[in-house]
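Note sheet for the following structure.
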Amino acid sequence: MKNFNLANPVKIIFGKDTIKDIANEIPAGAKVLVLYGGGSIKKNGVYQQVVNALEAFEWFQFSGIEPNPHYETCMKAVALIKEKKIDFVLAVGGGSVIDAAKFIVAAACFDDGDPWQIISKGMKIERAMPFGAVLTLPATGSEMNNAAVITRAETEDKRAFSSPHTYAKFSVLDPTATFTLPARQIGNGVVDTFVHIAEQYLAYREDDTLLQDNFAEAVLKTLIVDGPKALATPTDYDVRANLMWASTWALNGWLGCGIVQDWATHRIGHEITAFFGLDHAQTLAVILPGVLTVLKEQKARRIQLLGKEVFGLSGTSDSALIDMTIRAVEDFFEEMGVKTHLSDYNLGDEAIEKVCERLKERGWKLGECQNVDYRMAKQILDLRK
Ligand code: NZQ
Ligand code: ZN
(Lines give C-alpha, C1' and ligand atoms only; values in the text may rest on other atoms or scores of the structure.)
(Ligands and ions follow the chains in the order given, each with its own letter.)
Protein backbone atom coordinates (compact mmCIF):
# COMPACT_ATOMS: atom_id res chain seq x y z
CA MET A 1 0.00 0.00 0.00
CA LYS A 2 1.27 3.47 -0.88
CA ASN A 3 1.40 6.30 1.66
CA PHE A 4 -1.70 8.47 1.73
CA ASN A 5 -3.50 11.35 3.45
CA LEU A 6 -7.24 11.26 3.98
CA ALA A 7 -9.43 14.13 5.16
CA ASN A 8 -13.05 14.16 4.08
CA PRO A 9 -15.05 16.86 5.87
CA VAL A 10 -18.49 16.27 4.29
CA LYS A 11 -21.29 15.66 6.78
CA ILE A 12 -23.69 13.05 5.36
CA ILE A 13 -27.33 13.25 6.42
CA PHE A 14 -28.88 10.01 5.20
CA GLY A 15 -32.43 8.72 5.13
CA LYS A 16 -36.13 9.34 4.73
CA ASP A 17 -37.50 12.82 5.42
CA THR A 18 -34.10 14.32 6.03
CA ILE A 19 -34.31 17.25 3.61
CA LYS A 20 -35.86 19.33 6.37
CA ASP A 21 -32.60 19.00 8.33
CA ILE A 22 -30.84 21.45 6.03
CA ALA A 23 -32.38 24.20 8.16
CA ASN A 24 -30.04 23.18 11.00
CA GLU A 25 -26.97 23.05 8.79
CA ILE A 26 -27.09 26.39 6.98
CA PRO A 27 -25.73 29.19 9.16
CA ALA A 28 -28.55 31.27 10.69
CA GLY A 29 -29.09 34.53 8.85
CA ALA A 30 -27.31 33.35 5.70
CA LYS A 31 -28.70 34.54 2.38
CA VAL A 32 -29.09 31.34 0.33
CA LEU A 33 -28.99 30.63 -3.39
CA VAL A 34 -30.73 27.38 -4.39
CA LEU A 35 -29.30 25.88 -7.58
CA TYR A 36 -31.14 23.23 -9.57
CA GLY A 37 -31.48 21.73 -13.02
CA GLY A 38 -34.30 21.38 -15.51
CA GLY A 39 -37.14 20.94 -13.04
CA SER A 40 -37.25 17.25 -12.01
CA ILE A 41 -37.20 18.45 -8.39
CA LYS A 42 -40.51 20.23 -8.94
CA LYS A 43 -42.17 17.01 -10.06
CA ASN A 44 -41.07 14.78 -7.19
CA GLY A 45 -41.68 17.05 -4.22
CA VAL A 46 -38.02 17.69 -3.45
CA TYR A 47 -38.32 21.37 -4.37
CA GLN A 48 -41.27 21.86 -2.00
CA GLN A 49 -39.37 20.16 0.83
CA VAL A 50 -36.45 22.53 0.24
CA VAL A 51 -38.78 25.53 0.17
CA ASN A 52 -40.30 24.43 3.49
CA ALA A 53 -36.89 23.90 5.05
CA LEU A 54 -35.73 27.36 4.02
CA GLU A 55 -38.69 29.12 5.60
CA ALA A 56 -36.54 31.03 8.07
CA PHE A 57 -34.00 32.13 5.46
CA GLU A 58 -33.90 34.79 2.80
CA TRP A 59 -33.27 32.80 -0.36
CA PHE A 60 -33.08 33.06 -4.15
CA GLN A 61 -33.06 30.46 -6.89
CA PHE A 62 -31.15 29.74 -10.07
CA SER A 63 -32.46 26.96 -12.32
CA GLY A 64 -31.52 25.55 -15.69
CA ILE A 65 -28.23 23.88 -14.87
CA GLU A 66 -27.92 21.41 -17.70
CA PRO A 67 -26.55 17.84 -17.58
CA ASN A 68 -22.79 18.18 -18.11
CA PRO A 69 -23.01 21.70 -16.69
CA HIS A 70 -21.77 24.58 -18.75
CA TYR A 71 -19.25 27.16 -17.64
CA GLU A 72 -21.40 29.77 -19.41
CA THR A 73 -24.43 28.89 -17.23
CA CYS A 74 -22.33 28.78 -14.07
CA MET A 75 -21.06 32.30 -14.71
CA LYS A 76 -24.65 33.59 -14.79
CA ALA A 77 -25.16 32.14 -11.31
CA VAL A 78 -21.91 33.81 -10.17
CA ALA A 79 -23.30 37.16 -11.34
CA LEU A 80 -26.50 36.56 -9.35
CA ILE A 81 -24.47 35.68 -6.24
CA LYS A 82 -22.61 38.98 -6.51
CA GLU A 83 -25.75 40.99 -7.22
CA LYS A 84 -27.74 39.52 -4.30
CA LYS A 85 -24.75 39.24 -1.94
CA ILE A 86 -25.39 35.54 -1.34
CA ASP A 87 -23.63 33.81 1.60
CA PHE A 88 -24.50 30.14 1.06
CA VAL A 89 -25.21 27.98 -1.98
CA LEU A 90 -27.51 24.95 -1.87
CA ALA A 91 -27.24 22.52 -4.80
CA VAL A 92 -30.36 20.37 -5.31
CA GLY A 93 -30.00 17.69 -7.97
CA GLY A 94 -27.62 15.18 -9.48
CA GLY A 95 -23.90 15.35 -10.13
CA SER A 96 -24.30 18.13 -12.68
CA VAL A 97 -25.93 20.54 -10.25
CA ILE A 98 -23.48 19.69 -7.47
CA ASP A 99 -20.49 20.03 -9.82
CA ALA A 100 -21.83 23.36 -11.05
CA ALA A 101 -22.13 24.50 -7.43
CA LYS A 102 -18.46 23.67 -6.84
CA PHE A 103 -17.36 25.75 -9.79
CA ILE A 104 -19.72 28.58 -8.88
CA VAL A 105 -18.58 28.83 -5.23
CA ALA A 106 -14.95 28.89 -6.36
CA ALA A 107 -15.54 31.30 -9.26
CA ALA A 108 -17.43 33.71 -7.01
CA CYS A 109 -14.25 34.13 -4.91
CA PHE A 110 -11.75 34.05 -7.78
CA ASP A 111 -10.11 37.43 -8.29
CA ASP A 112 -7.38 36.61 -10.76
CA GLY A 113 -9.25 37.10 -14.05
CA ASP A 114 -11.49 34.58 -15.81
CA PRO A 115 -12.36 31.66 -13.49
CA TRP A 116 -12.14 29.27 -16.45
CA GLN A 117 -8.41 29.39 -15.71
CA ILE A 118 -9.13 27.18 -12.68
CA ILE A 119 -9.77 24.50 -15.27
CA SER A 120 -7.70 25.50 -18.30
CA LYS A 121 -4.53 26.37 -16.38
CA GLY A 122 -5.19 24.43 -13.19
CA MET A 123 -5.02 27.70 -11.23
CA LYS A 124 -5.24 27.19 -7.52
CA ILE A 125 -8.46 27.90 -5.71
CA GLU A 126 -7.50 29.95 -2.64
CA ARG A 127 -11.00 30.11 -1.16
CA ALA A 128 -14.62 29.33 -1.99
CA MET A 129 -18.07 30.08 -0.64
CA PRO A 130 -19.69 27.43 1.55
CA PHE A 131 -22.24 25.13 -0.05
CA GLY A 132 -24.44 22.16 0.78
CA ALA A 133 -26.15 19.56 -1.39
CA VAL A 134 -29.40 17.63 -1.63
CA LEU A 135 -28.68 14.65 -3.87
CA THR A 136 -31.38 13.31 -6.21
CA LEU A 137 -29.34 11.02 -8.48
CA PRO A 138 -26.81 8.57 -7.06
CA ALA A 139 -23.94 8.24 -9.52
CA THR A 140 -21.01 10.61 -9.36
CA GLY A 141 -20.02 10.70 -5.69
CA SER A 142 -19.86 14.48 -6.09
CA GLU A 143 -21.85 14.82 -2.87
CA MET A 144 -18.85 13.59 -0.87
CA ASN A 145 -15.82 14.43 -2.97
CA ASN A 146 -14.11 17.66 -3.98
CA ALA A 147 -14.08 17.17 -7.76
CA ALA A 148 -16.23 18.71 -10.47
CA VAL A 149 -16.45 18.41 -14.23
CA ILE A 150 -17.44 21.50 -16.23
CA THR A 151 -18.06 21.92 -19.95
CA ARG A 152 -17.22 25.02 -21.94
CA ALA A 153 -19.83 24.82 -24.68
CA GLU A 154 -18.09 27.40 -26.86
CA THR A 155 -14.95 25.27 -27.25
CA GLU A 156 -16.49 21.81 -26.61
CA ASP A 157 -14.17 21.30 -23.66
CA LYS A 158 -15.21 19.07 -20.77
CA ARG A 159 -12.65 19.21 -17.98
CA ALA A 160 -12.32 18.38 -14.30
CA PHE A 161 -10.88 20.23 -11.34
CA SER A 162 -10.68 19.60 -7.62
CA SER A 163 -9.73 21.55 -4.54
CA PRO A 164 -9.74 21.12 -0.77
CA HIS A 165 -12.10 24.15 -0.78
CA THR A 166 -14.81 22.46 -2.86
CA TYR A 167 -16.18 19.89 -0.46
CA ALA A 168 -19.83 20.36 0.49
CA LYS A 169 -20.43 21.34 4.12
CA PHE A 170 -23.16 18.72 4.17
CA SER A 171 -25.01 16.44 1.76
CA VAL A 172 -28.52 15.16 2.27
CA LEU A 173 -29.11 11.69 0.83
CA ASP A 174 -32.80 10.79 0.95
CA PRO A 175 -33.29 7.60 -1.09
CA THR A 176 -36.98 8.43 -1.66
CA ALA A 177 -35.84 11.41 -3.77
CA THR A 178 -34.52 8.86 -6.29
CA PHE A 179 -37.84 7.03 -6.79
CA THR A 180 -38.68 9.23 -9.77
CA LEU A 181 -35.49 8.60 -11.72
CA PRO A 182 -36.19 7.39 -15.25
CA ALA A 183 -34.76 3.98 -16.13
CA ARG A 184 -32.06 5.65 -18.21
CA GLN A 185 -30.73 7.53 -15.18
CA ILE A 186 -30.98 4.48 -12.90
CA GLY A 187 -28.79 2.63 -15.39
CA ASN A 188 -26.43 5.55 -15.79
CA GLY A 189 -26.00 5.88 -12.03
CA VAL A 190 -25.16 2.21 -11.53
CA VAL A 191 -22.74 2.13 -14.49
CA ASP A 192 -20.98 5.34 -13.42
CA THR A 193 -20.58 3.95 -9.89
CA PHE A 194 -19.28 0.64 -11.24
CA VAL A 195 -16.71 2.39 -13.42
CA HIS A 196 -15.55 4.67 -10.58
CA ILE A 197 -14.63 1.53 -8.70
CA ALA A 198 -13.12 -0.06 -11.81
CA GLU A 199 -10.82 2.96 -12.28
CA GLN A 200 -9.43 2.20 -8.83
CA TYR A 201 -9.79 -1.55 -8.32
CA LEU A 202 -8.66 -2.61 -11.80
CA ALA A 203 -5.54 -0.45 -11.92
CA TYR A 204 -2.34 -2.50 -12.12
CA ARG A 205 -0.38 -2.67 -8.86
CA GLU A 206 2.45 -4.69 -7.39
CA ASP A 207 1.54 -4.06 -3.79
CA ASP A 208 -1.02 -5.80 -1.65
CA THR A 209 -4.19 -3.76 -1.02
CA LEU A 210 -6.41 -6.43 0.48
CA LEU A 211 -8.56 -4.09 2.57
CA GLN A 212 -9.32 -1.71 -0.30
CA ASP A 213 -9.99 -4.73 -2.54
CA ASN A 214 -12.49 -6.11 -0.05
CA PHE A 215 -14.23 -2.74 0.29
CA ALA A 216 -14.42 -2.31 -3.48
CA GLU A 217 -15.77 -5.83 -4.01
CA ALA A 218 -18.50 -5.20 -1.45
CA VAL A 219 -19.67 -2.09 -3.28
CA LEU A 220 -19.49 -3.80 -6.69
CA LYS A 221 -21.53 -6.77 -5.45
CA THR A 222 -24.14 -4.37 -4.10
CA LEU A 223 -24.48 -2.82 -7.55
CA ILE A 224 -24.81 -6.19 -9.25
CA VAL A 225 -27.50 -7.37 -6.84
CA ASP A 226 -29.48 -4.15 -6.41
CA GLY A 227 -28.97 -2.37 -9.75
CA PRO A 228 -31.38 -4.64 -11.67
CA LYS A 229 -33.81 -4.55 -8.72
CA ALA A 230 -34.01 -0.76 -8.94
CA LEU A 231 -35.07 -1.11 -12.57
CA ALA A 232 -37.67 -3.76 -11.72
CA THR A 233 -39.09 -2.20 -8.53
CA PRO A 234 -38.28 1.52 -8.59
CA THR A 235 -39.84 2.34 -5.22
CA ASP A 236 -38.08 -0.31 -3.13
CA TYR A 237 -36.59 1.87 -0.39
CA ASP A 238 -33.83 -0.50 0.73
CA VAL A 239 -32.64 -1.04 -2.82
CA ARG A 240 -32.47 2.71 -3.41
CA ALA A 241 -30.74 3.26 -0.07
CA ASN A 242 -28.10 0.63 -0.87
CA LEU A 243 -27.46 2.14 -4.31
CA MET A 244 -27.29 5.68 -2.98
CA TRP A 245 -24.76 4.80 -0.32
CA ALA A 246 -22.81 2.66 -2.80
CA SER A 247 -22.37 5.50 -5.25
CA THR A 248 -21.15 7.81 -2.50
CA TRP A 249 -18.65 5.20 -1.35
CA ALA A 250 -17.36 4.56 -4.85
CA LEU A 251 -15.83 8.01 -5.11
CA ASN A 252 -15.47 9.63 -1.70
CA GLY A 253 -11.77 8.85 -1.44
CA TRP A 254 -11.89 5.76 0.78
CA LEU A 255 -11.60 3.04 -1.86
CA GLY A 256 -8.70 4.83 -3.51
CA CYS A 257 -6.50 5.19 -0.44
CA GLY A 258 -2.94 4.04 -1.05
CA ILE A 259 -3.49 2.79 -4.61
CA VAL A 260 -2.42 4.03 -8.02
CA GLN A 261 -5.50 4.78 -10.14
CA ASP A 262 -6.41 4.54 -13.81
CA TRP A 263 -9.10 7.06 -15.03
CA ALA A 264 -8.35 6.54 -18.75
CA THR A 265 -11.97 5.46 -19.38
CA HIS A 266 -13.27 8.68 -17.84
CA ARG A 267 -10.81 10.95 -19.63
CA ILE A 268 -11.62 9.50 -23.05
CA GLY A 269 -15.31 9.46 -22.16
CA HIS A 270 -15.36 13.16 -21.32
CA GLU A 271 -14.14 13.93 -24.84
CA ILE A 272 -16.94 11.86 -26.35
CA THR A 273 -19.53 13.73 -24.28
CA ALA A 274 -17.94 17.10 -25.11
CA PHE A 275 -18.18 16.45 -28.86
CA PHE A 276 -21.27 14.28 -29.22
CA GLY A 277 -23.37 14.85 -26.08
CA LEU A 278 -23.61 11.24 -24.88
CA ASP A 279 -24.52 10.80 -21.22
CA HIS A 280 -21.45 10.43 -19.05
CA ALA A 281 -22.23 6.80 -18.16
CA GLN A 282 -22.97 5.88 -21.77
CA THR A 283 -19.40 6.79 -22.70
CA LEU A 284 -18.05 4.69 -19.84
CA ALA A 285 -20.13 1.65 -20.82
CA VAL A 286 -18.64 1.85 -24.30
CA ILE A 287 -15.02 2.44 -23.31
CA LEU A 288 -14.35 0.32 -20.21
CA PRO A 289 -14.66 -3.07 -21.97
CA GLY A 290 -12.26 -1.74 -24.63
CA VAL A 291 -9.73 -0.56 -22.05
CA LEU A 292 -9.86 -3.95 -20.31
CA THR A 293 -9.42 -5.79 -23.60
CA VAL A 294 -6.50 -3.74 -24.89
CA LEU A 295 -4.78 -3.72 -21.48
CA LYS A 296 -5.65 -7.29 -20.50
CA GLU A 297 -2.02 -8.30 -19.93
CA GLN A 298 -1.20 -5.30 -17.75
CA LYS A 299 -4.41 -5.67 -15.75
CA ALA A 300 -4.54 -9.49 -15.84
CA ARG A 301 -4.40 -10.12 -12.09
CA ARG A 302 -6.93 -7.42 -11.35
CA ILE A 303 -9.43 -8.57 -13.99
CA GLN A 304 -9.19 -12.14 -12.71
CA LEU A 305 -9.85 -10.92 -9.18
CA LEU A 306 -12.96 -9.08 -10.39
CA GLY A 307 -14.16 -12.20 -12.19
CA LYS A 308 -13.64 -14.50 -9.22
CA GLU A 309 -14.63 -12.30 -6.31
CA VAL A 310 -17.40 -10.19 -7.81
CA PHE A 311 -18.93 -12.22 -10.64
CA GLY A 312 -18.19 -15.62 -9.06
CA LEU A 313 -16.52 -16.87 -12.25
CA SER A 314 -13.87 -19.51 -12.72
CA GLY A 315 -12.12 -20.24 -15.99
CA THR A 316 -10.37 -23.20 -17.51
CA SER A 317 -7.35 -20.91 -17.95
CA ASP A 318 -6.27 -17.42 -16.86
CA SER A 319 -7.00 -15.98 -20.27
CA ALA A 320 -10.43 -17.65 -20.43
CA LEU A 321 -11.29 -16.13 -17.04
CA ILE A 322 -10.19 -12.68 -18.22
CA ASP A 323 -12.33 -12.89 -21.34
CA MET A 324 -15.33 -14.14 -19.38
CA THR A 325 -14.95 -11.29 -16.89
CA ILE A 326 -14.81 -8.59 -19.55
CA ARG A 327 -17.90 -10.15 -21.09
CA ALA A 328 -19.64 -10.15 -17.69
CA VAL A 329 -18.92 -6.43 -17.25
CA GLU A 330 -20.35 -5.65 -20.67
CA ASP A 331 -23.41 -7.84 -20.05
CA PHE A 332 -24.04 -6.11 -16.72
CA PHE A 333 -24.00 -2.68 -18.37
CA GLU A 334 -26.44 -3.92 -21.01
CA GLU A 335 -28.63 -5.45 -18.28
CA MET A 336 -28.75 -1.98 -16.72
CA GLY A 337 -30.00 -0.67 -20.05
CA VAL A 338 -26.82 1.19 -20.96
CA LYS A 339 -25.61 0.34 -24.45
CA THR A 340 -21.98 -0.60 -24.90
CA HIS A 341 -21.08 0.13 -28.53
CA LEU A 342 -20.46 3.37 -30.40
CA SER A 343 -22.88 2.29 -33.13
CA ASP A 344 -25.66 2.18 -30.51
CA TYR A 345 -25.24 5.96 -30.35
CA ASN A 346 -24.78 6.41 -34.11
CA LEU A 347 -21.06 7.05 -33.82
CA GLY A 348 -18.37 5.52 -36.02
CA ASP A 349 -14.95 6.13 -37.55
CA GLU A 350 -15.37 9.88 -37.86
CA ALA A 351 -16.10 10.23 -34.18
CA ILE A 352 -13.11 8.06 -33.27
CA GLU A 353 -10.86 10.25 -35.47
CA LYS A 354 -12.11 13.42 -33.81
CA VAL A 355 -11.61 12.14 -30.27
CA CYS A 356 -8.15 10.73 -31.01
CA GLU A 357 -7.08 13.93 -32.77
CA ARG A 358 -7.88 15.87 -29.62
CA LEU A 359 -6.03 13.39 -27.39
CA LYS A 360 -3.06 13.79 -29.73
CA GLU A 361 -3.19 17.61 -29.53
CA ARG A 362 -3.30 17.41 -25.76
CA GLY A 363 -0.42 14.94 -25.68
CA TRP A 364 -2.14 12.96 -22.94
CA LYS A 365 -0.71 9.70 -21.67
CA LEU A 366 -3.48 8.25 -19.56
CA GLY A 367 -3.95 5.32 -17.21
CA GLU A 368 -2.09 3.97 -14.21
CA CYS A 369 1.01 3.26 -16.35
CA GLN A 370 0.61 6.39 -18.49
CA ASN A 371 0.62 4.29 -21.63
CA VAL A 372 -2.81 5.15 -23.02
CA ASP A 373 -1.95 7.71 -25.68
CA TYR A 374 -4.04 8.66 -28.71
CA ARG A 375 -2.86 5.58 -30.61
CA MET A 376 -3.95 3.22 -27.88
CA ALA A 377 -7.19 5.17 -27.49
CA LYS A 378 -7.85 4.46 -31.16
CA GLN A 379 -7.26 0.74 -30.60
CA ILE A 380 -9.69 0.86 -27.68
CA LEU A 381 -12.38 2.75 -29.59
CA ASP A 382 -11.95 0.66 -32.74
CA LEU A 383 -12.91 -2.39 -30.66
CA ARG A 384 -16.09 -0.65 -29.56
CA LYS A 385 -17.63 0.32 -32.92
O1 NZQ B 1 -32.11 18.64 -14.62
P2 NZQ B 1 -33.20 17.88 -13.98
O3 NZQ B 1 -34.56 18.27 -14.44
O4 NZQ B 1 -33.07 17.86 -12.48
O5 NZQ B 1 -33.08 16.34 -14.48
C6 NZQ B 1 -31.95 15.54 -14.28
C7 NZQ B 1 -31.09 15.39 -15.53
O8 NZQ B 1 -31.84 15.54 -16.69
C9 NZQ B 1 -32.40 14.12 -14.03
N10 NZQ B 1 -32.67 13.84 -12.60
C11 NZQ B 1 -31.86 14.02 -11.54
N12 NZQ B 1 -32.46 13.59 -10.41
C13 NZQ B 1 -33.69 13.14 -10.78
C14 NZQ B 1 -33.84 13.30 -12.16
N15 NZQ B 1 -34.97 12.96 -12.83
C16 NZQ B 1 -35.97 12.43 -12.10
N17 NZQ B 1 -35.88 12.21 -10.76
C18 NZQ B 1 -34.77 12.55 -10.07
N19 NZQ B 1 -34.67 12.29 -8.76
O20 NZQ B 1 -31.30 13.32 -14.43
C21 NZQ B 1 -30.64 13.95 -15.50
C22 NZQ B 1 -29.14 13.79 -15.36
O23 NZQ B 1 -28.68 14.51 -14.23
P24 NZQ B 1 -27.12 14.77 -14.01
O25 NZQ B 1 -26.97 15.53 -12.76
O26 NZQ B 1 -26.53 15.33 -15.25
O27 NZQ B 1 -26.56 13.28 -13.86
P28 NZQ B 1 -25.33 12.72 -13.04
O29 NZQ B 1 -25.60 12.72 -11.60
O30 NZQ B 1 -25.03 11.44 -13.69
O31 NZQ B 1 -24.14 13.76 -13.28
C32 NZQ B 1 -23.36 13.73 -14.46
C33 NZQ B 1 -22.29 14.80 -14.40
O34 NZQ B 1 -21.36 14.55 -13.34
C35 NZQ B 1 -20.03 14.48 -13.86
C36 NZQ B 1 -20.26 13.97 -15.25
O37 NZQ B 1 -19.15 14.17 -16.08
C38 NZQ B 1 -21.47 14.79 -15.68
O39 NZQ B 1 -21.08 16.08 -16.06
N40 NZQ B 1 -19.16 13.67 -12.99
C41 NZQ B 1 -18.78 14.20 -11.81
C42 NZQ B 1 -17.90 13.57 -10.97
C43 NZQ B 1 -17.45 14.15 -9.70
N44 NZQ B 1 -17.86 15.36 -9.37
O45 NZQ B 1 -16.69 13.54 -8.97
C46 NZQ B 1 -17.31 12.26 -11.31
C47 NZQ B 1 -18.04 11.56 -12.41
O48 NZQ B 1 -17.14 10.65 -12.99
C49 NZQ B 1 -18.58 12.44 -13.48
O50 NZQ B 1 -17.57 12.79 -14.41
ZN1 ZN C 1 -17.96 8.98 -13.63
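The values are calculated or read from the model by the stated rules, or taken from the named source; none is laboratory data. Given the structure is predicted, the values throughout are model-derived calculations rather than measurements. Glycine gets a Cβ as well: all are built from the backbone with ideal geometry, and neighbour counts include every protein chain shown. Remember, those area values only see protein heavy atoms, side chains included, never the ligands or the DNA or RNA. Shrake-Rupley method; radii C 1.70, N 1.55, O 1.52, S 1.80 Å.
The residues of the stretch 11-177 present an accessible area of 40 Å² per residue when probed at 1.4 Å with all protein chains retained. Annotation: extensible slack from residue 225 through residue 109 equals 37.4 nm (criterion: 0.36 nm per residue apart, minus Cα-Cα distance). The residues neighbouring residue 166, those whose beta-carbon lies less than 13 Å from its own, together hold a net charge of +1 under the Lys/Arg +1, Asp/Glu -1 convention. Measuring r between the beta carbons of residue 17 and residue 124 and using R0 = 45 Å, the FRET efficiency lands at 0.70. Surface composition of the stretch 261-372: carbon plus sulfur atoms hold 44% of the accessible area, using a 1.4 angstrom probe and ignoring ligands, DNA and RNA. For the peptides 303-309, 347-353, residues were scored by their other Cβ atoms within 10 Å and the scores averaged per peptide; the highest-first order is 303-309, 347-353.
What the phi angles of the stretch 230-243 give under the Karplus curve with 6.51, -1.76 and 1.60, with θ = phi - 60°, is a coupling list of 5, 5, 7, 10, x, 10, 7, 4, 5, 4, 5, 5, 4, 5 Hz, glycine and proline written as x. Net charge near residue 305: determine it from the other residues with C-beta under 9 Å of the C-beta of residue 305, scoring Lys and Arg +1 and Asp and Glu -1. Around residue 305, the surrounding residues sum to 0. What's the angle, to the nearest 10 degrees (0 to 90), between helix 264-276's Cα axis and the longest principal axis of the chain? With both axes taken from Cα atoms, the answer is about 60 degrees. Extension gain for the segment residue 318 to residue 55, taken as residue separation times 0.36 nm less the Cα-Cα distance, is 88.6 nm to one decimal.
For residue 44, no residue whose modelled amide H falls within less than 5 Å of its own remains once neighbours fewer than 5 places apart on the same chain are excluded. With the simple model of a label 7 Å out from the Cα in the direction of the Cβ, residue 365 to residue 341 spans 3.4 nm.
Equivalent-ellipsoid semi-axes for the stretch 11-177 (Cα gyration tensor, √(5λ), whole Å, largest first): 24, 17, 14.
A straight Cα-to-Cα reach below 27 Å connects residue 42 with the lysines 11, 16, 20, 31, 76, 82, 84, 85, 102, 169, 229, residues fewer than 8 places away in its own chain not being considered. Annotation: peptides 71-84, 98-111, ranked by per-residue average of other Cβ atoms within 10 Å with the highest first, follow the order 98-111, 71-84. Counting only protein heavy atoms and a 1.4 Å probe, tell me what percentage of the stretch 118-231's accessible area is made up of carbon and sulfur. With neighbouring chains kept in place, the figure for the stretch 118-231 is 55 percent.
Taking the 1.4 Å solvent-accessible surface of the stretch 33-92 as the whole, the part contributed by carbon and sulfur is 51%. Calculated [222 nm] ellipticity per residue, helices only, for the chain: -14500 deg cm²/dmol; basis is -39500 (n - 2.57) per DSSP H run with n ≥ 4, divided by all residues, nearest 500. Between the alpha-carbon centres of the stretch 191-208 and the stretch 1-42 there is a gap of 27 Å. The charge dipole of the chain, taken about its Cα centre with unit charges on the Cβ of Lys, Arg, Asp and Glu (plus for the first two, minus for the last two), comes to roughly 440 debye. The alpha carbon centroids of the stretch 245-259 and the stretch 293-315 are separated by 20 Å.
Over the stretch 183-382, accessible surface divided per residue gives 40 Å², non-protein components excluded, 1.4 Å probe.
A viscosity of 0.890 mPa s and a temperature of 25 °C, combined with the Kirkwood radius over Cα pairs in Stokes-Einstein, give a translational diffusion coefficient for the stretch 130-271 of 154 µm²/s. The stretch 144-162 and the stretch 102-125 have Cα centres separated by 11 Å. Only alpha carbons enter this Debye calculation for the stretch 183-382, each as an equal point scatterer, and the log10 of I(q)/I(0) it gives at q = 0.14, 0.16, 0.19 Å⁻¹ is -0.79, -1.04, -1.43.
By the compact-protein rule of thumb, 2.2 N^0.38 Å, the alpha-carbon radius of gyration of the chain corresponds to a ratio of 0.96. Scanning residues 5 or more positions from residue 14 or on other chains, those with amide H under 5 Å from its amide H are 173, with H placed 1.01 Å from N in the peptide plane.
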